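Reviewing the structure listed below.
The values are calculated or read from the model by the stated rules, or taken from the named source; none is laboratory data. These numbers come from a predicted model, not from an experiment. We place every Cβ from the backbone using ideal geometry, glycine too, and count neighbours over all the protein chains shown.
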Amino acid sequence: MLLLLVAALLLVNNDSWYLIAIGAIIISQVLIIKNWKSAKWGSIINLVILLAAITTFANTRFNKMAATESRTILARAGDKQHPVMTKEMLNDLPAVVQKWLKHAGVIGNKRINTVRLKQRGELRTSQSGKWMAFTASQYFTMDDPAFVWTASVAMMPMVFFDARDKFENGRGASAIKLFAIFDMGSSANDYKTNTASMLRYLAETCLFPSAAISDCIQWQPAGVLSAKAIMTIDGLTVSGIFTFLENGDVESFIADRFYGNGLNARTEPWLIRFTEWRTFQGYRIPVKNKVIWQLPAGDFYWANIEITEVEYNCTKTYD
């Protein structure tokens, strides 16, 4: 009866099924032991259910951690009312950046304070590796630059890993866990992780264009259709080059970023090439991109990413 209840909860996508499943397994296994000769093969079924329950528990805990972190940065941002953007606010920016922001729709729109979005796409872990599908959600704040990105990646049928990247108070952190249990690579609050996370934030400011006038970002001309963005937080500085199309759309971002973690991590050119644009709440932003590491051995085409949903100035998480 308990296992039938577990099945019913699974059918309605109720994550609490694993709690009842564990109780059912304990009772079932006691009965199997008492009738071992005739019922021992039931232990295999119990083991399968137990593994699924443990995985679900770990996945739920991982997602709750990320959700708590997301709510924390959104709560800190609050429901601030930002002014409507005007042409005069752009006067000190390079001409190509002004053109981009006007084309992106910032003039006449309220300055963005928070962002929440959803993504889907595919990534791989090596140049010859298999592409793996993923879905993700991400939250940003502007006044105190921060983000939390959470993804679930399907390595193969029945095998997945969870990933979380975070940037807050000038510090970065990342975690990758197989089945949300086994650590596949984590780092936090070291120079390489902090600068890599800050560079990611800087690159993704094109998703919330009014961040371009933030006090922590300075701009320098870098060509007719390019500009250098320099971001500084708590004495830590990173920079990258944005290149734009003639019409004002963002075409690419490139910067030297740490490739990998640990003592052997080294800086390599990290290129994001934008391929499609859409308008959300009056802001025109890039929604599809390719991420490429330009390594000495050749380009490592790492990810295809598509943004499927964006909402500005919303302080609630999706869950």
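For the stretch 254-277, state whether one or more residues are small (Gly, Ala, Ser), free of Cβ contacts under 8 Å to residues at least 40 places away in the same chain, surrounded by 21 or more Cβ atoms within 10 Å (Cβ to Cβ) and outside any loop (DSSP other than H, G, I, E, B). Checking the stretch 254-277: not a single residue is small (Gly, Ala, Ser), free of Cβ contacts under 8 Å to residues at least 40 places away in the same chain, surrounded by 21 or more Cβ atoms within 10 Å (Cβ to Cβ) and outside any loop (DSSP other than H, G, I, E, B).
Given the residues 50, 123, 101, which is the only one that is outside the structural domain of residue 206 (by TED's automatic domain parsing) and either of a type in the set (A, V, I, L, M, F, W, C) or at positive phi (or both)? Explain how you work it out, then say what you get.
Numbers: 123 fails: outside the structural domain of residue 206 (by TED's automatic domain parsing); 101 fails: outside the structural domain of residue 206 (by TED's automatic domain parsing).
Unique residue meeting the criteria: 50.
No other residue among 237, 195, 232, 243 is touching a Cys at 6+ places or on another chain (Cβ under 8 Å) and either buried (at least 17 other Cβ atoms within 10 Å of the Cβ) or on the phi < 0 side of the Ramachandran plot (or both) apart from 232.
Cβ separations smaller than 7 Å between residues 6+ apart or across chains give the following pairs from the stretch 55-66 residues that are in contact (Cβ under 8 Å) with a residue 12 or more places away in the chain to residues that are buried (at least 17 other Cβ atoms within 10 Å of the Cβ) and part of a helix (DSSP H, G or I): 56/18; 57/18.
The rows are residues; the columns are (1) surrounded by 18 or more Cβ atoms within 10 Å (Cβ to Cβ); (2) within 24 Å of the chain's Cα centre (by Cα).
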| position | (1), (2) |
| --- | --- |
| 2 | no, no |
| 39 | no, no |
| 61 | no, yes |
| 69 | yes, yes |
| 86 | no, no |
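If only residues of the stretch 301-316 that are surrounded by 16 or more Cβ atoms within 10 Å (Cβ to Cβ) and of a type in the set (Val, Ile, Thr) are counted, the one that is modelled with the lowest pLDDT is 315. All conditions but one from (1) over 15 Å from the mean Cα position of the chain (by Cα); (2) modelled with pLDDT of 95 or more; (3) not in a helix (DSSP H, G or I) apply to residue 166; the one that does not is (1). Would you mind stating whether residue 135 is in the same structural domain as residue 302 (by TED's automatic domain parsing), modelled with pLDDT of 95 or more, buried (at least 22 other Cβ atoms within 10 Å of the Cβ) and of a type in the set (Val, Ile, Thr)? Against the criterion (in the same structural domain as residue 302 (by TED's automatic domain parsing), modelled with pLDDT of 95 or more, buried (at least 22 other Cβ atoms within 10 Å of the Cβ) and of a type in the set (Val, Ile, Thr)), residue 135 does not qualify.
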